[in-house]
Each structure stands twice: as C-alpha cells, then as structure tokens.
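Q: So that we are looking at the same thing, I have put the structure below in structure tokens.
The values are calculated or read from the model by the stated rules, or taken from the named source; none is laboratory data. As the structure is a computational prediction, the values presented were derived from the model and not from experiment. Please note: Cβ atoms are built from the backbone with ideal geometry, for glycine as well, and neighbour counts cover all protein chains shown. Accessible surface areas use protein heavy atoms only, side chains included; no ligands, DNA or RNA. Shrake-Rupley method; radii C 1.70, N 1.55, O 1.52, S 1.80 Å.
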Amino acid sequence: MSFFKFATDEVKGMARTLESSGGRMRDASREMQHTDASQVGDSGLQAACDDFADSWNYGFGQLAKLTRGISKVVDGAAEDLTKLDDKYRQELEKASEKGDK
C-alpha cells in the first residue's frame, strides 16, 4: 500500500488465531460436558463444579459464535482498503501530472 497504513498480514493472522481459538475452546467445552463432578467430594463442591462447567460451556459457546467468520470480515476490510489505497494513489498521480503541465 502506498498511503494507508494497515497491517494486513498481522490483522489477518490475528483474526485467524481468534477464529481457531474459539473453535478449540468450544471443542474443549464439549469434552468437559462428559465429565462428572461426583468424584470431587462434598455435594456443595460438586454443585459448584457443575455450575462452573455450565458457565464455561455457555461462555465458550458464545465466544466461538462471535469469532466464527471474523476472518472473512477482515479479508473483506483488507481488500476494501487496498482498493481505496489504489484509487487514492491513482488520483494523486493524475493530480501530480496535471500540476506538472
């Protein structure tokens, strides 16, 4: 890019990391659904563990939904900025050519 400063590769990499992290956390949450807190002892502790697992599952499910598709949004934004930058460069070149005459 010639004018706009947009760290395309870095932003795309971060988006892909977020997206894959959301998926990995969702997978871990699914695995935890099959665990049983009955072996931790006291019934109060069991209930607390079950509540935590439910909260964990819900939270990571929401995070996975939010991060799903972020790469497409970032790719689109990067493409739009590149097009805008190209157009801006072309307009500056035209203005510069007119000024040279």
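Q: Do we have Ser71 as touching an Asp or Glu at 6+ places or on another chain (Cβ under 8 Å) and either assigned to a helix (DSSP H, G or I) or not hydrophobic (A, V, I, L, M, F, W, C) (or both) here?
A: It is true that Ser71 is touching an Asp or Glu at 6+ places or on another chain (Cβ under 8 Å) and either assigned to a helix (DSSP H, G or I) or not hydrophobic (A, V, I, L, M, F, W, C) (or both).
Matching residues to (1) of a type outside the set (Ser, Thr, Tyr); (2) over 23 Å from the mean Cα position of the chain (by Cα); (3) open to solvent by less than 60 Å² (accessible area, probe 1.4 Å):
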residue: Gly22; (1), (2), (3): yes, no, yes
residue: Arg26; (1), (2), (3): yes, no, no
residue: Glu31; (1), (2), (3): yes, no, no
residue: Trp56; (1), (2), (3): yes, no, no
residue: Val74; (1), (2), (3): yes, no, yes
residue: Thr82; (1), (2), (3): no, no, yes
residue: Asp85; (1), (2), (3): yes, yes, yes
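Q: Looking at Val11 and the list (1) in a helix (DSSP H, G or I); (2) exposed (fewer than 12 other Cβ atoms within 10 Å of the Cβ), which single condition is not satisfied?
A: For Val11, the failing item is (2).
Q: Which is open to solvent by 100 Å² or more (accessible area, probe 1.4 Å) and part of a helix (DSSP H, G or I), of Gln90, Gln39, Gln62?
A: The match here is Gln39.
Q: Let me ask something additional. Can you tell me which residue within region 42-54, out of those that are of a type in the set (D, E, K, R) and part of a helix (DSSP H, G or I), is surrounded by the most Cβ atoms within 10 Å (Cβ to Cβ)?
A: Residue satisfying both the conditions and the ranking: Asp50.
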